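S.K.: Could you have a look at this structure, given as structure tokens, before my questions?
The values are calculated or read from the model by the stated rules, or taken from the named source; none is laboratory data. Quick caveat, the model's predicted, so the values are computed rather than measured. A quick note on method: Cβ atoms are made from the backbone with ideal geometry, for glycine too, and the neighbour counts reach across all protein chains shown. Protein only, heavy atoms only, side chains kept; ligands, DNA and RNA dropped before computing areas. Shrake-Rupley method; radii C 1.70, N 1.55, O 1.52, S 1.80 Å.
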Amino acid sequence: MSLCWLSVLVVLVSSSSAHSDFFTSISHMTDLLFMEKDLVTSLKDYIRAEETKLEQIKKWADKLDVLSAAATQDPEGFLGHPVNAFKLMKRLNTEWGELENLVLTDMSDGFISNLTIQRQHFPNDDDQTGAAKALTRLLDTYGLDTNTISTGELPDSSLAASHRSILTVDDCYDLGKVAYSEADYYHTELWMVQALKQLDQGETSSTVDTVTILDYLSFSVYQQGELERALDFTKRLLELDPTHQRASGNLKYFEYQLVKQKKAEDKDEGEARAKTKKGRPDDYLPERKKYEQLCRGEGIRMTPRRQSRLFCRYYDNDRHPKYVIGPVKQEDEWDRPRIVRYHDIVSDTEIEKVKELAKPRLRRATVHDPQTGKLTTAHYRVSKSAWLGAFEHPVVDRINQRIEDITGLDVTTAEELQVANYGVGGQYEPHFDFGRKDEPDAFEELGTGNRIATWLLYMSDVQAGGATVFTDVGASVWPKKGSAVFWYNLYPSGEGDYRTRHAACPVLVGNKWVSNKWIHERGQEFRRRCGLHETN
């Protein structure tokens, strides 16, 4: 199967990595839950075996304790009874040997064997780091504070109380260390402050102490230009550990720098402070702020006049035979560009079949940069996907035909149905679906022209987050199971519509499944007439 790219090329990774990148798909993480449940069962079996073994040893010890206590009161009188003498010889020669064998019996073989087999399917360091970065991404995108995430009280969450988890001091510390390893001192500070707060509130930790956290904090705030806070953290550290060599050196350095800074400020008020900027690290995405606002539902509001032109209707695609009697429900989501949603377009049974077909084939997508020609995973694309052909199951064929009947476009030249499941904080940052002028080779291998339109089917509801946002125009479209949104990527003239730049917002709470159909130009000549004007 030929794969193609926009600014990047999505390809499937080799089967050798099928058991990696767990954090990029909730579906694959559910497998880990069942694997862990099996390990817990195996662990309990081991514990029961050890308890049975210890119970046998305890009974033996209790019996001999009573016997030896009585025997040693009058040793000669006790051994004067020939049966007692015989049983003493037997115990020491035979029964103590049997007890030794029982004590030396390793009851852990079954558990260790199971653990060894399952370990090859465990997440790795990259998975843990990816999940840590996802929590920080959610922090930024949805304007949360670390305490909200730490307490598990996420906004707009209808999770059962039993599903809510809290972050421990150790967890917050580990999240801070991940940020620190990336030289992201802003987020290092946030997570380390949360860890310190929980320690100050009485939570205990067996792996990290206040001194260590203060050490990270003093350096992180110093890197952000906050000398006074760096000095305060260092002083507190030295109160707890006066012998801390690095802190002692830092104390003198910070004090010197503060004196130097104040002298500079006296000469030129504020200039010294202006050289340092506290906040999130520099971003490669120019529209980051707008993107995150849209994800939070803080997008552009249409004027009442524009809003009044958006309608819901029953749609039969110009009296298509399949929909004359049973038209579909169509809703206008946006006007320029026109984005429409079709409600109840697939059944739950069809959705489950598509997920069933896709799940064994879900793989982490890599991206191909046309400039470097190299394949690599991308932090801005956190999901796994699979491709389904119409020939693979009647349900896939029916969905493809339904897309053609409703849109009026020929899907025989479209790409296969792509099914995606998002992971922890799963997202796809702003991108175009069509090939732009600076990508002359886009879709060349397919030979079907550019991507004229996109059909995006939501196969799950999402409890919080996960919107599809159009950053150029300020539109936000929220997932609704069984519905699909449709838009044209190209004007009738064939030029790309740059207003269709869009993104999949991080999933805050829930499990997001989607499938999409990219429809190409070839075959649409008499279905969507060409035009000279760039209007939709």
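S.K.: Can you give the local net charge around residue 166? Use residues other than it whose beta-carbon is closer than 15 angstrom to its beta-carbon, Lys and Arg +1, Asp and Glu -1.
M.R.: Summing Lys/Arg as +1 and Asp/Glu as -1 gives -4.
S.K.: Then there is this: Treating only the Cβ atoms of Lys and Arg (+1) and Asp and Glu (-1) as charged, compute the dipole magnitude of the chain about its Cα centre; round to the nearest 20 debye. Don't jump to the answer; show the numbers that get you there.
M.R.: Details: 69 positive and 83 negative charges, 316 e Å.
Its charge dipole is roughly 1520 debye.
S.K.: Using Cα pairs under 8 angstrom and six or more residues apart, how large is the relative contact order of the chain, in percent? The partial results should precede the final answer.
M.R.: Working: 840 pairs, mean separation 92.9, N = 536.
So the answer I get is 17 percent.
S.K.: For region 379-427, what relative contact order do you get, as a whole percent, if you take Cα pairs closer than 8 Å and at least 6 residues apart? Let's see the in-between values first.
M.R.: Details: 52 pairs, mean separation 28.5, N = 49.
Reported as a whole number, the value is 58 percent.
S.K.: Right, something else. Where Rh is the Kirkwood radius over the Cα pairs of region 427-494, the temperature 20 °C and the viscosity 1.002 mPa s, what D in µm²/s does Stokes-Einstein return? Mind showing how you got there, number by number?
M.R.: Values: Rh = 14.0 Å.
Calculated translational D: 154 µm²/s.
S.K.: Using a 1.4 Å probe on the protein heavy atoms only, what accessible surface does residue 278 show? Give it in Å² to the nearest 10.
M.R.: 90
S.K.: To the nearest 10 square angstrom, what accessible area does residue 206 show with a 1.4 Å probe?
M.R.: Here the residue's solvent-accessible area equals roughly 110 Å².
S.K.: Probe of 1.4 angstrom, ligands and nucleic acids ignored: what's the accessible area per residue over the chain, in square angstrom?
M.R.: Heavy-atom accessible area per residue stands at 53 Å².
S.K.: Give the ranking of 137, 319, 338 by solvent-accessible surface, highest area first, calculated with a 1.4 Å probe. Working shown, then result.
M.R.: Working: 137 45, 319 160, 338 110 Å².
Ranking 137, 319, 338 by accessible area, largest first, yields 319, 338, 137.
S.K.: Right, another one. Near residue 229, within a Cβ-to-Cβ distance under 12 Å, what is the net charge of the other residues, with Lys and Arg +1 and Asp and Glu -1? Write down the numbers at each step before the final one.
M.R.: Details: positive: 235, 236, 278; negative: 189, 226, 228, 232.
Net charge around residue 229: -1.
S.K.: Oh, and also: Between [x] 28.3; [y] 24.0; [z] 26.5, which matches Kirkwood radius over Cα pairs in Å calculated for the structure shown?
M.R.: Answer label, from the structure shown: [x].
S.K.: Listed here are the pairs 289/384; 133/235; 133/262; which of them are more than 28 Å apart at the Cα?
M.R.: Numbers: 289/384 26 Å; 133/235 31 Å; 133/262 37 Å.
Over 28 Å apart, Cα to Cα: 133/235; 133/262.
S.K.: Same structure, new question: Which sequence of 498, 488 reflects their accessible areas, 1.4 Å probe, from the largest down?
M.R.: Details: 498 110, 488 50 Å².
Final ranking, largest accessible area leading: 498, 488.
S.K.: On to the next question. Keeping all protein chains in position, work out how much accessible area residue 416 exposes to a 1.4 Å probe, and write it in Å² to the nearest 10.
M.R.: 50
S.K.: Then there's this: For the chain, give the percent of accessible area contributed by carbon and sulfur heavy atoms, probe 1.4 Å, rounded to a whole number. Before the final figure, lay out the partial values.
M.R.: Numbers: 15110 of 28600 Å².
Looking at the chain in its full context, I get 53 percent from C and S.
S.K.: Keeping every protein chain in place, order 188, 148, 207 by accessible area at 1.4 Å, biggest value first, i.e. largest first. Display every interim value, and only then the final one.
M.R.: Numbers: 188 0, 148 35, 207 105 Å².
Final ranking, largest accessible area leading: 207, 148, 188.
S.K.: While we're on this one: Explain nothing, just the number: relative contact order of region 132-262, from Cα pairs under 8 Å at least 6 residues apart, as a whole percent. Kindly include the intermediate steps, with their values, before the conclusion.
M.R.: Values: 136 pairs, mean separation 21.8, N = 131.
Relative contact order for region 132-262 comes out at 17 percent.
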